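Accompanying notes for the structure given below.
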Amino acid sequence: MWRYLQMHEKLIRSILAEDKADTPWGEVLAFHLEQMGRMQHERLIHLIVTMFICLFLLLSLAYSLSNPSWSAMGLAFLFLMLTIGYLQHYFRLENGVQRWYFLGHKLAAKAGQLSADYSGKEPLLILPEKR
């Protein structure tokens, strides 16, 4: 998923950088929003899995404290490693989707839709141009 997120972001950034006059901005925006929806679903699934792994970590820690044994501590250590891995992965997904929001605003502005610019100190509303 992380590679997919990076590749899509690279594609959208290259389309924005080219800024060709004949680019169908509305279609590019629709495609980007569809991909963002998929990533948001992926993010939700990983949040649920991460929460369960954290719960299992806490349960295994509680068990190993109440019944000390090497196998209980090993299980707690295994869940600790899984928790660290899932938290890193979720962190990447979360930050990637946040970057995609900003790309979506840029695409909406190019498509002539209501948008916003959050790059400065104050947010700036971008109104669609009258045709």
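Summary table
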quantity	calculated
Residue among Leu82, Leu58 that alone is loosely packed, with under 15 Cβ neighbours inside 10 Å, at pLDDT 95 or above and either within 29 Å of Glu129 (Cβ to Cβ) or of a type outside the set (Lys, Arg) (or both)	Leu58
Residue check for Met39: modelled with pLDDT under 95 and in a helix (DSSP H, G or I)	yes
Residues (of a type outside the set (Gly, Ala, Ser), in a helix (DSSP H, G or I) and touching a residue at least 40 places away in the same chain (Cβ under 8 Å)) located in region 17-34	Trp25, Val28, Leu29, His32, Leu33
Number of positions in region 78-105 that are touching a helix residue (DSSP H, G or I) at 6+ places or on another chain (Cβ under 9 Å) and over 23 Å from His41 (Cβ atoms)	3
Where a residue in region 102-127 is closer than 19 Å to Ala21 by Cα and its partner, wherever it lies, is of a type in the set (Ser, Thr, Tyr) and not in a loop (DSSP other than H, G, I, E, B), with Cβ under 6 Å and at least six apart	His105/Ser115; Ala108/Ser115; Ala109/Ser115
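The values are calculated or read from the model by the stated rules, or taken from the named source; none is laboratory data. All figures in this text were calculated on a predicted structure; none of them were measured in a lab. Cβ atoms come from the backbone with ideal geometry, glycine included; neighbour counts cover every protein chain shown.
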